[in-house]
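I have placed the structure first, in the form of structure tokens, so that the comments after it can refer back to it.
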Amino acid sequence: MKTIATLSGKGGVGKTTLSASLTSLFARNNQKIISVDTDVDAPNLLLLMDGKIISEKILKASEKAVLDENACSGCQACIESCPHEAITWDSVNDRPDIDIMLCEGCGICTIICPEQALSLEEFECGTIKHIQTPRGIPTISGDLKIGEGSSGKIVSETKEFAKNIAKDKDIDFILIDGPPGTGCPVIATASGIDYAILITEPTPAAIHDVKRALGVIRHFCNDIGLVINKADINKENTERLISYARKEGLDLLGQIPVTDDIPNSIVAGKPVVEFNPDGLASKAIKDIYENLIEILKDK
């Protein structure tokens with residue numbers, strides 16, 4: 001079983017479009033695959049994969065301060081000590097009031113409180129959704145609850161959930177639609193993968209960000225390929241990316257042209273290779289898939 005992650009330095013460069021289409025091509029070629037969305041802050045792979053929810057797991061990976069009103073003496077030491085200003089005084093009820101959205105679960109208030117009226121309790125921070133698509137592809141999606149900060153933990157839990165299903169179903173490939181950037185969700189996604197697909201576009205911002213992302217990913221995976229989306233919008237920058245990939249020893253997986261098929265397929269809620277199999281974008285992604293399969297044979 002091999003784990004592949006599609007990542008990018010910048011959001012909106014085509015990660016989910018590529019991931020959904022590659023998943024479809026793997027399945028079409030009789031390879032057992034499970035698709036996973038670890039962009040937990042804004043998961044949208046399910047919009048293209050469709051299907052029925054089989055199960056939903058609630059995750060409790062963060063702690064918040066909770067007040068025992070009966071034990072509280074009203075000394076307000078917790079308010080003075082909270083570094084996140086998550087505790088204020090409720091003059092109506094004459095007691096401290098904890099803002100769950102601001103509380104980071106640091107536990108300082110539980111130490112400071114002379115009456116031990118404050119404690120830390122686990123709170124729901126996200127969910128993992130398991131769906132089965134009409135094409136028979138298991139798809140797992142992590143979803144971080146708004147305002148929570150345990151994104152790395154949610155990613156790790158989502159990957160482990162998918163891995164267990166993959167083992168049960170004797171899956172050949174796990175294909176992850178990862179998050180953009182260089183933060184905790186990217187680190188958690190890149191950890192333990194066998195191959196990374198970096199997707200970018202020939203714009204200054206995207207080129208700058210993909211270089212930053214590569215610096216992070218290389219700490220976890222040395223086998224990395226580059227895909228250039230919207231390759232025809234700026235040929236000079238596309239050539240710069242090709243030269244950069246060769247210099248860095250990246251596999252040049254392919255280029256995807258600008259075409260109306262991609263936004264139209266998103267509106268239709270389908271991978272572009274299913275929306276218009278004979279279109280230019282679909283042909284380009286099929287070439288990327290074939291290049292990827294050839295590379296993975298030697299891994």
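Conditions (1) part of a loop (DSSP other than H, G, I, E, B); (2) under 21 Å from N29 (Cβ atoms), marked per residue:
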{"site": "D232", "(1), (2)": "yes, no"}
{"site": "L241", "(1), (2)": "no, no"}
{"site": "L252", "(1), (2)": "no, no"}
{"site": "T259", "(1), (2)": "yes, no"}
{"site": "N264", "(1), (2)": "no, no"}
{"site": "I285", "(1), (2)": "no, yes"}
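If you go through the stretch 110-169 and keep only what is of a type in the set (V, I, T) and without any contact (Cβ under 8 Å) to a residue 12 or more places away in the chain, you end up with I111, I146.
Sort out for me the strands (runs of 3 or more DSSP E) sitting completely within the stretch 98-170 that have 2 or more residues that are open to solvent by 50 Å² or more (accessible area, probe 1.4 Å) and at pLDDT 90 or above. I'd like the intermediate steps shown before the answer.
Numbers: elements: 118-123, 126-132, 138-144.
By residue number, 118-123.
Listed by first and then second residue, the pairs with beta-carbon distance under 6 Å, at least 6 apart or on different chains, first residue in the stretch 15-30 and β-branched (V, I, T), second open to solvent by 20 Å² or more (accessible area, probe 1.4 Å) and part of a helix (DSSP H, G or I), are T17/I262.
The residue of the stretch 270-283 that is least open to solvent (accessible area, probe 1.4 Å), among those that are part of a helix (DSSP H, G or I), farther than 23 Å from G51 by Cα and not charged (D, E, K, R), is A281. Annotation: L253 fulfils all but one of (1) surrounded by fewer than 21 Cβ atoms within 10 Å (Cβ to Cβ); (2) within 20 Å of S35 (Cβ to Cβ); the unmet one is (1).
Exactly one residue out of I207, I187 is surrounded by fewer than 22 Cβ atoms within 10 Å (Cβ to Cβ), over 15 Å from the mean Cα position of the chain (by Cα) and of a type in the set (V, I, T), and it is I207. Taking (1) more than 15 Å from the chain's Cα centre (by Cα); (2) acidic (D, E); (3) closer than 26 Å to E56 by Cβ in turn, E157 satisfies each apart from (1).
Here the stretch 209-244 is the region considered, the condition is being touching an Asp or Glu at 6+ places or on another chain (Cβ under 8 Å) and polar (S, T, N, Q), and the residue that is farthest from G192 (Cα to Cα) is T238.
State yes or no: is K299 open to solvent by 70 Å² or more (accessible area, probe 1.4 Å), more than 23 Å from the chain's Cα centre (by Cα) and under 28 Å from D194 (Cβ atoms)? Answer is yes for this residue.
Residue-level check: of (1) farther than 21 Å from I293 by Cα; (2) at pLDDT 95 or above, P179 misses just (2).
The values are calculated or read from the model by the stated rules, or taken from the named source; none is laboratory data. All of these numbers come straight from a predicted model, not from anything done at the bench. Heads up, the Cβs are rebuilt from the backbone with ideal geometry, glycines too, and the neighbour counts pull from every protein chain shown. The area values use the complete protein model at the heavy-atom level, side chains included, leaving out ligands, DNA and RNA. Shrake-Rupley method; radii C 1.70, N 1.55, O 1.52, S 1.80 Å.
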